[in-house]
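**Student:** So that we are looking at the same thing, I have put the structure below in C-alpha cells.
Read-outs throughout are calculated quantities, based only on the coordinates presented, and are distinct from any laboratory measurement. Predicted, not measured: the structure shown is a model, and the values here were computed from it. Note: ideal-geometry Cβ built from the backbone for every residue, glycine included; neighbour counts use all protein chains shown.
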Amino acid sequence: MAEVIVVSTPGSAGTLVADHISSRVEQQPQFVLGVATGSTPLPVYGALSERANEGVDFSQVQAFALDEYVGLPASHPESYHSVVDREVVRPLGLSRELVHVPDGALGSIQTAGERFEQLLAASGGVDLQILGIGGDGHLAFNEPGSSFGSLTRVKTLTQATREANARFFGSVDDVPIHSVTQGLGTILRARHLVLLAFGEAKAKALAASVEGPVTSSVPGSAIQLHHHVTVVVDEAAASELQHRDYYDWALQHKPSWQGL
Ligand code: GLP
C-alpha cells in the first residue's frame with residue numbers, strides 16, 4: 001500500500017518533498033530525478049529552488065522528464081523542453097547536459113522512444129520520480145487503456161487531456177494531438193514514486209489510483225504494483241479516499257527511522 005500523506009496546502013507538500021529530495025542529493029550528488037510537468041509539481045520546484053539558493057548543489061543531478069509533445073519546436077514556450085528549462089533547470093542550477101526530455105521532433109520520432117529508454121538505462125535508473133495525475137487518471141501521457149508494461153513511445157492524447165491542457169495554449173486546437181511519453185512500465189522502474197495531487201478535480205482519479213482495482217482503465221492504479229510509493233495530497237484531493245483514517249493513523253505512528 002502506498003503511504004498517503006495529507007497536507008494542508010500545496011506549499012507544505014512542496015516543502016516536504018523538496019526537503020526529502022535535497023537531503024538525498026546531499027548524500028548522493030549524482031542523484032537521478034524524474035521530473036513531471038503540469039501545475040502540480042510547481043510547489044516542489046519552488047521549494048527546491050529555495051534550497052538551491054541556500055546552498056544545496058544540484059549541479060551533478062541528472063533529470064529525466066516524463067513526456068513531450070510531438071511536433072512542437074523545443075523552443076516553443078509550452079514545449080516540455082521549455083517548461084523543464086524554465087521551472088526546473090534554471091531555478092535549481094541543473095547542468096543542461098544532464099537533463100533529458102523525450103525528443104518530440106517529427107523528423108526523428110520513429111526512434112525517440114528507444115533513444116530515451118537507452119539514456120534512462122545508461123543513467124542507472126531514476127532514483128525518485130515526481131508524478132502528477134490527470135483528472136482521468138493518466139500518468140505522464142499514458143491515457144486510460146495504456147499497458148502497464150509500456151515503455152517510452154508515441155501516444156495519442158485524448159480530447160479531455162487536450163482540453164485540460166488548452167489553458168497553456170491559445171485554444172484546444174493549438175494543443176498537439178500526439179506526445180512521446182514514458183510508458184507505465186518505464187515509470188514503474190523508478191526506485192521511488194512520489195505522486196502529488198491537489199484540488200477536488202483530482203479526488204476521484206486519486207482514490208481510484210490508490211485504492212481502486214488495478215486496471216489499465218485507470219493508469220494511475222499502476223502505482224499499486226510498485227514497492228515504494230509516497231502520495232502527497234491536500235484535503236480536497238484526499239476527499240474520496242476510503243481509508244483516510246488509516247493513513248493518518250499510520251503517519252502518526254510512523255517510526256522515526258522510516259523516511260518518506
Ligand atoms: C499533463 C502531464 C502530466 C500531468 C498532468 C496533470 O497531461 N503530461 O504529467 O500530471 O497533465 O497536470 P496538472 O498538474 O497541471 O493538473
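**Student:** Quick check, is S79 surrounded by fewer than 20 Cβ atoms within 10 Å (Cβ to Cβ) and of a type outside the set (D, E)?
**Tutor:** Numbers: surrounded by fewer than 20 Cβ atoms within 10 Å (Cβ to Cβ): no; of a type outside the set (D, E): yes.
So S79 does not fit the description; no.
**Student:** Provide a single number: the residues in the range 105-151 that are touching a helix residue (DSSP H, G or I) at 6+ places or on another chain (Cβ under 9 Å), without any contact (Cβ under 8 Å) to a residue 60 or more places away in the chain and more than 16 Å from the ligand (Cβ to nearest atom).
**Tutor:** Residues that pass the stated criteria total 5.
**Student:** Search the range 162-183 for residues being surrounded by fewer than 16 Cβ atoms within 10 Å (Cβ to Cβ) and in a loop (DSSP other than H, G, I, E, B), and hand back the single one that is nearest to the ligand (Cβ to nearest atom).
**Tutor:** Residues of the range 162-183 surrounded by fewer than 16 Cβ atoms within 10 Å (Cβ to Cβ): 163, 166-168, 170-174, 177.
Subset that is in a loop (DSSP other than H, G, I, E, B): 170-171, 177.
Numbers: G170: 17, S171: 17, I177: 13 Å.
Selected residue: I177.
**Student:** It is to be established whether one or more residues within the range 28-44 are part of a strand (DSSP E or B), more than 16 Å from the ligand (Cβ to nearest atom) and more than 24 Å from T161 (Cβ to Cβ).
**Tutor:** First pass over the range 28-44, keeping only residues part of a strand (DSSP E or B): 32-35.
Narrowing further to those that are more than 16 Å from the ligand (Cβ to nearest atom): 32.
Among the residues that remain, those that are also more than 24 Å from T161 (Cβ to Cβ) are: 32.
Yes, that holds for at least one residue.
**Student:** Can you name the condition, by its number, that R191 falls short on among (1) under 17 Å from P144 (Cβ atoms); (2) more than 9 Å from the ligand (Cβ to nearest atom)?
**Tutor:** For R191, the exception is condition (1).
**Student:** Of the numbered conditions (1) farther than 20 Å from V175 by Cα; (2) surrounded by 13 or more Cβ atoms within 10 Å (Cβ to Cβ), E114 fails exactly one; give the number of that condition.
**Tutor:** Tallying (1) farther than 20 Å from V175 by Cα; (2) surrounded by 13 or more Cβ atoms within 10 Å (Cβ to Cβ), E114 fails exactly one: (2).
**Student:** How many residues are farther than 20 Å from G149 by Cα and either more than 12 Å from the ligand (Cβ to nearest atom) or exposed (fewer than 15 other Cβ atoms within 10 Å of the Cβ) (or both) when one looks only at the range 200-217? Let's see the steps before the verdict.
**Tutor:** So in the range 200-217, the residues farther than 20 Å from G149 by Cα come out as 200-207, 211.
Now narrow it down to the ones that are either more than 12 Å from the ligand (Cβ to nearest atom) or exposed (fewer than 15 other Cβ atoms within 10 Å of the Cβ) (or both): 200-201, 203-204, 207, 211.
Residues that pass the stated criteria total 6.
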